[in-house]
Structures are given as C-alpha cells and as structure tokens.
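Below is one structure, written out as structure tokens, with a few remarks after it.
The values are calculated or read from the model by the stated rules, or taken from the named source; none is laboratory data. Owing to the predicted nature of the structure, the values given are computational and were not obtained by experimental measurement. We place every Cβ from the backbone using ideal geometry, glycine too, and count neighbours over all the protein chains shown. Note: areas computed on protein heavy atoms with side chains; ligands, DNA, RNA excluded. Shrake-Rupley method; radii C 1.70, N 1.55, O 1.52, S 1.80 Å.
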Amino acid sequence: MVVAGLGSPVLLASLLALVGVCSARSDAPRGVAVGFVFDPKAKCDPPCEHGGVCIRNNTCFCSRGYEGETCQYANCYPKCKNGGACLRPGKCRCRPGYGGRYCHKVTCDGGCWNGGDCIAVNGVAKCICPSSWTGSKCQEAICPQGCRNGGICVAPGICSCPEGWLGGACHTAVCSKPCLNGGKCISPDKCRCRPPFSGPQCEERKKSH
C-alpha cells in the first residue's frame, strides 16, 4: 500500500512492530536496516503487496514471510522441497507424489496397502510391495500355487474357490455323491470311472458278451 502520512496510530504501531521484527532474530529476509529513513510522501508503483509498507519511492518494507520488490513473493522456511511452490508463509503447494508441510514426504495417491512403502522412483511416487502382494497400491494378493478353475486369490497363498472345488489351488473337484468302484471325481458332480464300470457314480458294471 502507499503510505500517505504517519498520523495514524495504527500505522505507526505497525511500523514499530516491523522494526521490532527486523531487530529480532527472525528467519524472514531483512530488506531494510533498523535505522531506515521513512518518507511519509513516498509512492510505490506498483503498490506494495501483502501488508508491505512503502518507505521510499518504489521501495517496500515487507511483512514477515514475504519478499520481492513489491513483497509479491511468499517465502517458506525451510524452503519447499521437490519442486513445491510457496503459496503463503510456511505453506507449500506440493507436486503430485509429494506431501508434508514442506513437500519433503513422498506420498502415493490412495496410500500403499498391506505394508507397502511409498518411495520416489525416478521422480515418481510408487508403492513398493511386500513379496506376497502386488498392484499399484499393493492391493492384490499373490498365490504362488495359482488359483485354478475360477478361484480367486484373496490373501497370500489363499484361494477363494467357486462352488464345486476345494484345495489350496481350487484343484480338487467335489462330487456330492461319491464315485464308486475306484472312480475319481474329476469335476463337480462328474466321475471318471474305471473299467468295467460306468454311470454317474460308476455304480454300473458293463456286461461282457
């Protein structure tokens, strides 16, 4: 803003506070020394931003947390990391894949499940999964034995089997009625019979002629 005079007690108090900031140990940039000359008729064009005070023609005294010729830039201490931009003092806008107050943490969209770790790989956030999980978020379990016959891997090494199948890999067919005479259940409710037997449960003996 352009200062017209020192008549306002609020303005005077503000300037004294600003001088106090400069004289204290602050992490804000120090653009003007404590003994600066203040010109009440000074004009700044463009005007000082973010509460900065025009102390001499085209010279701004910036509020804590701002810098630049017209106090147009916010500053963050520590600086925003990993390409983040300082939006306002102490507040960074982070690039995708980074988070935390100063963009110092790698973040994966949606997080990493099942004990996965989010790390930066060639500048891109990625979930690194434990050995028994896979997928972009480590959401897919791995069944080393595989799940056959339409089974689904629901947890490491554990298959959920459709009706009619059992076993760790859904490889064992279930026949509601047992196969007789040495027959073997080869698919749900289907028996493979040993000669000379036949029938749904291998209960029939073929007659020899």
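Overview of values
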quantity	calculated
Inter-label distance for LYS207 and VAL121, nm, one decimal - labels placed 7 Å from Cα along Cα-to-Cβ	7.0
Förster-model FRET efficiency, 45 Å R0, HIS104 and THR172, C-beta, rounded to 0.05	0.30
Long-range amide H partners of CYS86 with built H, under 5 Å	ARG93
Reachable lysines from LYS126, criterion Cα separation under 25 angstrom, eight or more residues apart if same chain	LYS79, LYS81, LYS91, LYS105, LYS137
Eligible lysines near LYS207 by straight Cα distance, threshold 24 Å, same-chain separation 8 or greater	LYS177, LYS184, LYS190
Amide hydrogen neighbours beyond the local backbone of TYR98, cut-off 5 Å, H modeled	THR107
List GLU69, GLU204, GLU163, ordered by accessible area with a 1.4 Å probe, largest first	GLU163, GLU69, GLU204
5 angstrom amide H check on PHE61, placed H, neighbours 5+ away	VAL53, CYS54, ILE55
Probe 1.4 Å, accessible area per residue of the range 151-196, Å²	63
Portion, in percent, of the accessible area of the range 55-209 that falls on carbon or sulfur, probe 1.4 Å	50
Table column - 3J(HN,Hα) (Hz), the range 187-194, Karplus curve with 6.51, -1.76, 1.60, x for Gly and Pro	7, x, 6, 10, 9, 9, 9, 8
